[in-house]
Amino acid sequence: VVETEEHYKSRWRSIWVMYLTMFLSSVGFSIVIMSVWPYLQKIDPTADASFLGWIIASYSIGQMVASPLFGLWSNYRPRREPLVISTAVSVAANCLYAYVHVPHSHNKYYMLIARALVGFGAGNVAVVRSYIAGATSLSERTSAMANTSACQAVGFILGPVFQTCFTLIGEEGITWKLVDLQLNMYTAPVLFGALLGIINIILIFVIFREHRVDDMGRQCKSINFEGEESGVLDQDVEGNVDHVAVVAINFLFFVILFVFAVFETIATPLTMDMYSWTRKEAVFYNGIILSVVGIESVIVFLVVKTLSKKTGDRAILHGGLLIVLVGFFILLPWGKKLPNIQWQEINNNSIPRTASTEMLMPFWSLQAMQLPANHTEPVGCPITQSWCLNTPVIYLAQYITSDVLIGLGYPVCNVMSYTLYSKILGPKPQGVYMGWLTASGSGARILGPVFVSQIYTHLGPRWAFSLICGVVVVSLLLLEIVYKRLIAFSVRYGRMQE
């Protein structure tokens, strides 16, 4: 059935609403990523770096649980339902995050719950990806998936930018006593995210419509069809999905998200340890760095759309993984200079008060630590991390070069994984499959922060980044093994030429 101009415009308006939904989902994650650690320390001093890993991972736990459920829901019901419900959950969770300072105890667990619910709402990514895969032809797919990933990247850019702007409010900010709300650099971003979520719900109701086309762009009927396009052909789909290729892409996507989650999580603690940055400086400077990396990613997405037509999707995925490998290899500590140690700076109140230090230190040293409450916070690499005493510092030039390379390789791998996956699945309903792909990425976001918080805290950056390099090498070997199987469904069954 030939697509009418009205159907074409309605289809792309709906796709643009999905782009916005993807953007808001990534904003919900990145808008607080740089400030979670200092906010956690402020509201609950009992929280340590290991618990930070669980806080960040909780977002992905929620998303991993929700993605297959929302994907299954979208296969049999109008997609508007899971989209609206998931966005509403994110709005409510952001409001909860703004109030985690209120309870008198266990504040860190309330933050954990809030971030898990934000992640649960972000399970709608599976619905977004499956809709775009079903609403685009094979020739449109790479471009549409690149645009989707670009919107996700813009969300990662603007999230830290919003956070950086909100640092101007300060840690104290303004208190609205009537509703017990503190509007400060930690709560203002999530409240802004809640407002964007409400706008998204309105647009889903007003603009979004169900559409589906086959790999050749012919209009066809969707199983979760809403009724205004009766008479459209429902074409039979013959052939089985290549599940070896499906599993391989899931694994590769897991690795890609795993290494990027490590990169995101480690930014603030690493720079505070290596460069003696304060909490506020770490949030501000890393916000700027990640914003620049995000802009780089958007440019990469635009280039990938053109480049894939000349080289093919698989070759670009291979190149992206190689760039990521180089990025983490550069991040390994190579020099001889050691980082500043907190206990060396007695005048900066940097000596941790533990039983062992009190036994070893003379009385006058302990008295020197009793500084005014408004004195600057401790900075440097804490003595509780034993590797600080013998691991060379990672120079700022190394860190920035690594950021640039990872910011180049990650978006390439991300968009090519989704593009190849949707093409391998073909015209089959993709909700559940996309749910599993999103869940594998979420699993990586769970294990990444936990992995890096444990390995980095106990063994240091040399071990952490060496292991990451090993994981990327394994993924490159897997890609070589399954390379010939990563082809489109219609190409595999001879209906179209590659």
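The values are calculated or read from the model by the stated rules, or taken from the named source; none is laboratory data. This one's a predicted model, so the numbers in the text were calculated from it and none came from an experiment. Every residue, glycine among them, receives a Cβ derived from its backbone with ideal geometry; neighbour counts consider all protein chains shown. Heads up: the accessible areas ignore ligands, DNA and RNA and are worked out on the full protein's heavy atoms, side chains in. Shrake-Rupley method; radii C 1.70, N 1.55, O 1.52, S 1.80 Å.
Relative protection proxy for 126-136, 474-484, from highest mean packing down: 126-136, 474-484 (other beta-carbon atoms within 10 angstrom). Rolling a 1.4 Å probe over the protein heavy atoms gives region 1-90 an accessible area of 37 Å² per residue.
Counting only protein heavy atoms and using a 1.4 Å probe, what share of the accessible area of region 1-220 belongs to carbon plus sulfur, as a whole percent? Carbon and sulfur: 69 percent of the exposed surface of region 1-220. In sequence order, region 289-298 has phi-based couplings of 4, 5, 5, 5, 4, x, 4, 4, 5, 4 Hz under the Karplus curve 6.51 cos²θ - 1.76 cosθ + 1.60, θ = phi - 60°, and Gly or Pro positions carry x.
Based on the mean of other Cβ atoms within 10 Å per residue, sort peptides 313-321, 7-15 so the most packed one is first.
Ranked from most to least packed, the peptides come out as 313-321, 7-15.
Unpaired cysteine residues in the chain (no second Cys Cβ under 4.7 Å): CYS95, CYS151, CYS165, CYS220, CYS413, CYS469.
Placing a label point 7 Å from the Cα of SER105 along the Cα-to-Cβ direction, the residues of region 46-74 whose backbone N falls under 18 Å from that point are 46-48. Ordered from largest to smallest accessible area (heavy atoms of protein chains, 1.4 Å probe), the residues LYS310, LYS42, LYS336 come out as LYS336, LYS310, LYS42. Extension gain for GLU281 to LEU467 (0.36 nm times residue separation, less C-alpha to C-alpha distance): 64.1 nm. Largest first, the three principal axis extents of the alpha carbons in the chain are 87, 56, 30 Å in whole numbers. Kindly list the residues of region 118-153 that lie in the label zone of ARG218, defined by a backbone N under 15 Å from the point 7 Å along the Cα-to-C-beta vector. Inside the label zone: 137-138.
Work through the residues other than SER402 whose Cβ is under 15 Å from its Cβ and net out their charges, Lys, Arg +1 and Asp, Glu -1. Neighbour charge sum, excluding SER402 itself: -2. The local environment of ILE316, defined by Cβ-Cβ distances under 12 Å, has a net charge of +3 under the rule Lys, Arg +1 and Asp, Glu -1. Mind running the shape call on region 1-220? Use the C-alpha gyration tensor, a ≥ b ≥ c as the square roots of the eigenvalues: rounded below 1.5 for a/c, prolate if a/b tops b/c, oblate otherwise. It comes out prolate by the Cα gyration axes.
Taking all protein chains together and rolling a 1.4 Å probe, SER143 ends up with roughly 40 Å² accessible.
Couplings 3J(HN,Hα) for region 402-415, derived from phi with the Karplus relation 6.51 cos²θ - 1.76 cosθ + 1.60 (θ = phi - 60°), are 4, 4, 5, 5, 5, x, 8, x, 4, x, 4, 5, 4, 5 Hz, where x marks Gly and Pro.
The alpha carbon centroids of region 377-407 and region 131-152 are separated by 38 Å.
Ranked by solvent-accessible area (1.4 Å probe, protein heavy atoms only, all chains present), the residues GLU171, GLU140, GLU5 order from largest to smallest as GLU5, GLU171, GLU140. The simple spin-label model puts a point 7 Å past each Cα toward its Cβ; for HIS458 and ILE288 those points are separated by 3.7 nm. For ILE341, the residues whose amide H sits under 5 Å from its own are CYS381, ignoring neighbours fewer than 5 places away on the same chain, with H placed 1.01 Å from N.
Fully extending the segment from THR384 to THR4, taken as 0.36 nm per residue of separation minus the present Cα-Cα distance, adds 130.1 nm. Averaging the sequence gap over all C-alpha pairs within less than 8 Å and six or more residues apart, then dividing by the number of residues, gives the chain a relative contact order of 25 percent.
Could you work out the local net charge near THR21, counting Lys and Arg as +1, Asp and Glu as -1, over the other residues with Cβ closer than 12 Å to its Cβ? Its environment carries a net charge of +3. Close amide H contacts of LEU183 (hydrogens built in the peptide plane, cut-off under 5 Å, sequence separation of 5 or more or a different chain): ILE174, THR175, TRP176. The sum of -39500 (n - 2.57) across all DSSP H runs of n ≥ 4, divided by the residue count of the chain, sets its helix-only mean residue ellipticity at 222 nm to -23000 deg cm²/dmol.
Considering only protein heavy atoms and a probe of 1.4 Å, how much of the accessible area of region 381-498 is carbon and sulfur, as a whole percent?
Here carbon and sulfur together make up 68 percent of the probe-accessible area.
Heavy-atom accessible area for HIS458, with the other protein chains in place and a 1.4 Å probe, reaches approximately 110 Å². Here each label is just a point 7 Å from Cα along the line to Cβ, and for LYS309 and ILE198 those points are 4.3 nm apart. For region 1-220, what's the relative contact order in percent, using C-alpha pairs closer than 8 Å and at least 6 residues apart? Relative contact order, region 1-220: 36 percent.
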